1. Here are the criteria: (1) part of a helix (DSSP H, G or I); (2) modelled with pLDDT under 90; (3) surrounded by 12 or more Cβ atoms within 10 Å (Cβ to Cβ). Tell me which single one Asp79 does not satisfy.
2. Can you report the number of residues in region 38-87 which are among the β-branched types (Val, Ile, Thr) and more than 20 Å from Phe13 (Cα to Cα)?
3. Out of all the residues in region 95-116, which are under 20 Å from Trp149 (Cα atoms) and either free of Cβ contacts under 8 Å to residues at least 24 places away in the same chain or among the charged types (D, E, K, R) (or both)?
4. If you take the residues in region 126-184 that are closer than 21 Å to Phe107 by Cα and outside any helix (DSSP H, G or I), which one is modelled with the lowest pLDDT?
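The values are calculated or read from the model by the stated rules, or taken from the named source; none is laboratory data. Note that this is a predicted model, so its numbers are computed, not measured. Counting neighbours? That spans all protein chains shown, and the Cβs are built from the backbone with ideal geometry, glycine included.
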Amino acid sequence: MAVLIHLCYLATFTWTVIIAHDMYIILGSSSITKSSDRGSSLLVIHCFIAWGLPLVVVAIALIFNFTNVSPDFNPRYGDSVCWISRRIPLLVFFALPMGLAVLVNLFYFIATAISLWRAMSIRAETTSQNKQYPFGIYVKLFCLMGFTWIFGFTASYHVVLSYIFIVLNASQGVFIFIAFVLRKAVWKSFIGKKSKKTSSPSTQQTLANVSESEKRIENETKKNKRDKYKRSENDMSVV
């Protein structure tokens with residue numbers, strides 16, 4: 001179980017790097033030229049990278065765990081806790097990859113923020129509008145790129161930082177849900193599709209009722225005309 005947890009943590013951060021790279025391409029200046037090259041094959045490559053690199057790190061850690069190549073780098077999975085039990089392997093096989101991921105994400109975050117700022121400036125100049133800085137997008141990117149783990153690296157210095165890290169890290173899924181699901185465009189699309197599904201049968205029923213009523217009125221009109229004609233014929237015969 002400790003090996004699986006280690007693998008999942010590394011895979012999570014590898015995915016954040018891939019997402020940060022994609023956000024830079026989508027929101028950067030080169031998104032127009034490269035958007036047509038994106039497809040399902042790119043997803044396969046991303047999956048291979050996101051799971052392949054963590055597998056390599058975990059495989060090396062397992063080699064040290066089950067051999068006596070270097071006892072200093074033996075992680076001792078699950079000895080005292082369901083995790084890496086020794087400090088040096090924890091730094092090498094977990095903290096170092098996580099730190100590299102955070103640094104790469106920081107680079108992409110800064111590059112994406114600069115691209116957004118330039119795009120907003122150009123838009124304001126061409127449309128004669130006031131500059132509107134997308135701080136909401138910056139917050140979303142901050143959560144997506146895993147920067148809440150910065151508090152994890154500093155948690156050992158003060159207990160308050162530990163609590164901040166626990167709350168932010170445990171709530172990351174909630175942040176993603178709020179940022180990308182609780183949006184007006186998403187809910188309008190959802191409500192629109194739902195209303196179409198619920199309204200189409202009732203609309204068909206209404207049209208059927210109207211058609212039936214029209215037929216009933218037409219039949220009653222014909223019947224009244226026939227009755228009136230018969231009465232007139234009877235009156236003529238009496239005369």
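1. Evaluating Asp79 over (1) part of a helix (DSSP H, G or I); (2) modelled with pLDDT under 90; (3) surrounded by 12 or more Cβ atoms within 10 Å (Cβ to Cβ) leaves (1) as the failure.
2. 4
3. Leu96, Leu100, Leu103, Phe107, Ile110
4. Residue satisfying both the conditions and the ranking: Tyr133.
Results for (1) more than 24 Å from Tyr138 (Cα to Cα); (2) among the small types (Gly, Ala, Ser), shown as yes or no for each residue.
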| site | (1), (2) |
| --- | --- |
| His6 | yes, no |
| Met23 | no, no |
| Leu55 | yes, no |
| Ala59 | yes, yes |
| Phe64 | yes, no |
| Val81 | yes, no |
| Ile88 | yes, no |
| Ala101 | no, yes |
| Phe109 | no, no |
